[in-house]
1. In what sequence do ARG279, ARG337, ARG290 fall when counting other Cβ within 10 Å, fewest first?
2. For a quick protection proxy, order the peptides 342-349, 316-323 by their average other-Cβ count within 10 Å, most packed first.
3. Largest first and in whole Å, give the semi-axes of segment 200-423's equivalent ellipsoid, each being the square root of 5 times a Cα gyration tensor eigenvalue.
4. Counting other beta carbons within 10 Å of each residue's own, what order do PHE379, PHE370 fall into, fewest first?
5. Whole-Hz ³J(HN,Hα) for each residue in segment 61-74, computed from phi via Karplus 6.51 cos²θ - 1.76 cosθ + 1.60 with θ = phi - 60°, x for glycine and proline: what do you get?
6. Collect residues whose amide H, placed 1.01 Å from N in the peptide plane, falls under 5 Å from the amide H of TRP366; neighbours closer than 5 in sequence don't count.
Amino acid sequence: MLVKDATEDFGHDGVVTYIVDLDADVAVVMQDNGSSLPKLYITDLEEAGLEEFGRGVEVVFKATGEREQILGKSCELHVSEKRYFSHYWFSDVPVNPAFDMARWLREGPHQQFKDIVIFGAADRPLPFRVMRTTLTEYTPGRVAPPKLDFRGCQVRDERWRTKARVEAQESSDGPAAGNAAAPPQRLHDVPPSARPRTPSMFAKALSQNRNLFVGHASWAYDLATQVPLGKTDGKPTVVLQQRVVTVNVDYWSNPDSSLFVVHYPESEGGGGYAVLLDRRQGTRTTAAFRNGALNRYEPQKLGPDGTGASQYWLPDTLTTAPPRTLLGHRCVQRLFRMGWQTSRVAWVSNEVPSIMHDAVSANGGWHHDFDELFGRYAFVDHDGMPMEVKRTFGQSPTVTFKVTLLAPGPVDPNVFKVTTEHWKR
């Protein structure tokens, strides 16, 4: 995306180029002010991401009805009372690359791209003009990388400087005699997608004070189970993940209560599990259904159990794939990829509030119950509802999460009284 800035208030001259290679965990910054030797900085993505960007520019816009053709797109002027965000010309293009930029920009260079980052308006399509900055080119889909000439640049690899500082510190603070330990794994040795990170969407979910989705829904997710492959000298051999079974979940909600009913497949013994989250009472009540009998457990206080959100909520990116319609709702694709063997492709509807967010919000944080309720890795980095998620992890089978029923609207209050009838589908 190329931009033209007419304000002439950057406070610097020349050209700044920023390149990100997610597979290599590398960010490259080239600064050329035209008067001295260009400088090329190489670093990793450990501190990438503008946390303060959050959901984007969140201001109240008012449509004016005034339209203008920009790059062949009809754009309508929206205004706000905020001085630095007062004029946005919104198109009907739903994919906004500004959000990708904010995710992978580092704090230093982002000042040079501030006039681009503010193109990311929360819950809005792509603007083709913001204030006096106008897009001069827009080409969706795959494009050839630009030709860049870094010859003659002064190169500075910050990765080695960081490594040297860490090792020097470890050497000076060496372990006491007899207590030598293996050197700790440093973040620059870990792929960016595998690093612990509290997602911005998680913080937003915690700010909710009620369920945003009200109604009835059902979904199914695949579960890779572990089975022994024969016996050796009467003992099981190494256990491998090789069998995939499908778990079904029914869900009912009103603004204050959320009921999840899990149905285990007959191949795993049948039965199921229920979780009731009650915001008014501040309680989580569970029940187990097995062999026709229902066992209820004492209510517990709502609250996180220490399970980390980052191990499930994988950072993903909106793609330019054509949208799909699932259960009557328009869905866009979000992609997480780490290396060539691990990926997650999610189709997310912006029209349906995330039930995952409602669960996190009601519970006041993460809980291991969510493994049973949604399966793992179905939590996307967006507040819309994932309607279909497919995950591939190394040599393990591909597993799928898919919404099978979505019926928003009031529900019978009696449905929150868990009985054996809930397992009769």
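What follows is calculated from the coordinates using simple rules that are stated; it is not laboratory data. Here the structure is a predicted model, which means the values were calculated and not measured. Note: ideal-geometry Cβ built from the backbone for every residue, glycine included; neighbour counts use all protein chains shown.
1. Final ranking by Cβ density, sparse to dense: ARG290, ARG337, ARG279.
2. Final packing ranking: 342-349, 316-323.
3. Over the Cα atoms of segment 200-423, the ellipsoid semi-axes are 27, 25, 16 Å.
4. So the ranking, lowest neighbour count to highest, is PHE370, PHE379.
5. The phi angles translate into 9, 10, 6, 9, x, 7, 10, 8, 7, 10, 6, x, 10, 7 Hz.
6. ASP305
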